[in-house]
């Protein structure tokens, strides 16, 4: 049993530096270490309970706990795979992105820091960046590659945001944007569209799109900070 | 003056997280954030701000073959996730089915109980170790188990002159290119102190004067030669609490 655990952790340790979705971000050694503890399961009291559960699982993954990793996979694989599929728009690429994301989660769980952000957001970022990187590479390697179109969200999809406190605040602030700009912003996030994609899709000059998005993001930030 | 720069950097972080940058731009941000902690923090902030948008995307079950692929890439057995490897196969299956039926809350609760059980094992075994009439009764002892429970793996017994003997309680194999490193975290302190490397067949160490029971003792898996930073870098594989030495001790 001990042998299994060691083999597993050593193998992943040797490959853990190859993850490429901003592994530097959560490196605990990059910050002053004052409160290190292997069982520091203190959880932000403001986070919702679903995220508490993910936080607990991630902290256990950081100790090499395979049961926690499997529970995390069962809990999050459909959510994360949905995100990967939406961005890559290709079942094989989506499976690659989801696979890579979970391998990265296992290898870098030790870098997850609940003080810096919610566990769900951490997982979301990992799979999105993997999917974005894979998709961008595909476009570069196959010029002219056009991922299949996909259906837009139903108008009530925005309502799903309200399920969490953070989502409700975001929903409120998105509501302050012009409807068409709001749609652009949301679609850019969910579909992983580049400035260029949006420009082509909407027939709007690239410069205009860039400034729309920047202005939308700036007003979103102002709204969320008040 | 720098206000513009900061705004610019913040919006770049926002664009990165939103996902509108092309491949080359993304890589440039990733490289820059490596050295620019302000940009790095801004990215984290935007991740927290925007991630609720992910709720708008419908979940999609991954293909059934994905978990075995993930498990293989992580070097773990696809079945070993549900129970200790020593459990009979049938038990593993039953437990797996059972766990799958549980919702998340119940799984979490189970993990909590696991941890509690692990602590209970520490207490029980420590007491029995102390009561064993041995020629050299240890001043204190700790049984180290995996953070998620499991069988006792190391017995740490405190002897005279600040010595602590570590004895493996089961077969341990260390992958080549790796070392096990010992750490002591005295109660009330926040930062573990390195106590040296330990081999799979055990070792007796001498505690530095700054490290005294009661304390948490941990073993982490580190690169060859141990952690270069003086803090655990790899996963903590086993840990246990060592109580204050008995009054007869010299500590």
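Rule-based calculations on the coordinates, nothing more; no lab input. Predicted model, so just to flag it, every value in this text is computed and none were measured. Neighbour counts are summed over all protein chains in view; Cβ atoms, including those assigned to glycine, are modelled from backbone coordinates with ideal geometry.
Before moving on, here are some points about what is shown:
- Shielding of peptide A:72-84 by partners, expressed as the average count of other chain Cβ atoms within 10 Å per residue Cβ, is 5.
- Average beta-carbon neighbours from other chains, 10 Å sphere, peptide B:37-43: 2
- Region A:46-150 - percent relative contact order, Cα under 8 Å, separation 6 or more: 33 percent
- Kirkwood estimate for region B:2-56, i.e. one over the average of 1/r between Cα atoms, Å: 11.4 Å
- With the largest listed first and rounded to whole Å, the semi-axes of the equivalent ellipsoid of region A:46-150 from the Cα gyration tensor are 28, 13, 12.
- Region A:60-101: relative contact order in percent, alpha carbon pairs under 8 Å with at least 6 residues between: 27 percent
- Counting, for every residue in A:184-195, the Cβ atoms of other protein chains within 10 Å of its Cβ and taking the mean gives 5.
- Per-residue packing, averaged as other Cβ atoms within 10 Å, sorts the ranges B:233-242, B:40-49 into the order B:233-242, B:40-49, beginning with the highest.
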